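The values are calculated or read from the model by the stated rules, or taken from the named source; none is laboratory data. If you're wondering where the values come from, they're calculated on a predicted model, not measured in any experiment. Backbone-built Cβ (ideal geometry, glycine too); neighbour counts: all protein chains shown. Just the protein is used for accessible areas: all its heavy atoms, side chains included, with ligands, DNA and RNA removed. Shrake-Rupley method; radii C 1.70, N 1.55, O 1.52, S 1.80 Å.
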Amino acid sequence: MKALERIVLRHLRPLVSPNMDPLQFAYQPSIGVDDAVIYLLQRSLSHLEDAGNTVRITFFDFSSAFNTIHPSLLRVKLERAGASDQLAAWVTNYLTDRPQFVRLQDCLSDVVVCSTEGNDCEYRKVIMDFVDWCELNHLQVNASKTKEMVIDFSSRKPSDIAPVNIQGLDIERVRTYKYLGVHLNNKLDWTDNTDSLYKRGQSRLYMLRRPGSLGVCRSLLRTFYETVVASVVSYAVVCWGGGVLSGTRRGSTD
């Protein structure tokens, strides 16, 4: 099934690419998390270059965004993007009333039919037209999990800036936020991110020492290090690496 999906994707991508939002960073070739974080930082820092400016970043939480695709809406968008009627109908049929189950050896779970066609989604009011856009695209905004981070390098106090209010609920204002796996803070430095990487790296190095003490060959240890340890430490390094001073407060650059 995965092979079939790749074949269809290879045919669909050239058709829909011209109509893709340039700010969509997911599921795009040669674009990823690094690009999304860099874009956010570049916009924020450029705005803060002018004295007295404030950056307010609101992180919205969508409930089951990837599980609420309405095939009928998707079909219309595929046809507008240039897909043939036959291909759009095939994709719609593929996503409608799909039976799913889990099999473990000879044990089978109950069959569940997955379909979002015709479901009535409940939406929370957000901010002006943003609510209409969410409802139009069947996205549920979880206001209780929505966070706001205020970046202001002036002498103003955070309490001087009114919070965002959604349906009578003041959005929680946070000092740090984990955005796509990268820890951002309201100072736009990398102390929180490096602290997190340090702790995660230390815990995984412990797992590396255990097999090393048992005499596991160096090639396997190196593979383990590159996949389990180095992958964590170097995650999105192009975003934060340049902002880290040589020589940390712990006195080590390793």
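Worth pointing out:
- The packing ranking of peptides 198-207, 87-96, highest mean first, is 87-96, 198-207, where packing means the average number of other beta carbon atoms within 10 angstrom of each residue.
- Residue 5 accessible area, 1.4 Å probe, all protein chains in place, Å² to nearest 10: 70
- Of 77/178; 145/199; 2/147, those spanning more than 30 Å from alpha-carbon to alpha-carbon: 77/178; 2/147
- Stretching the chain fully between residue 112 and residue 188 yields a gain of 22.8 nm (0.36 nm per residue, less the alpha carbon separation).
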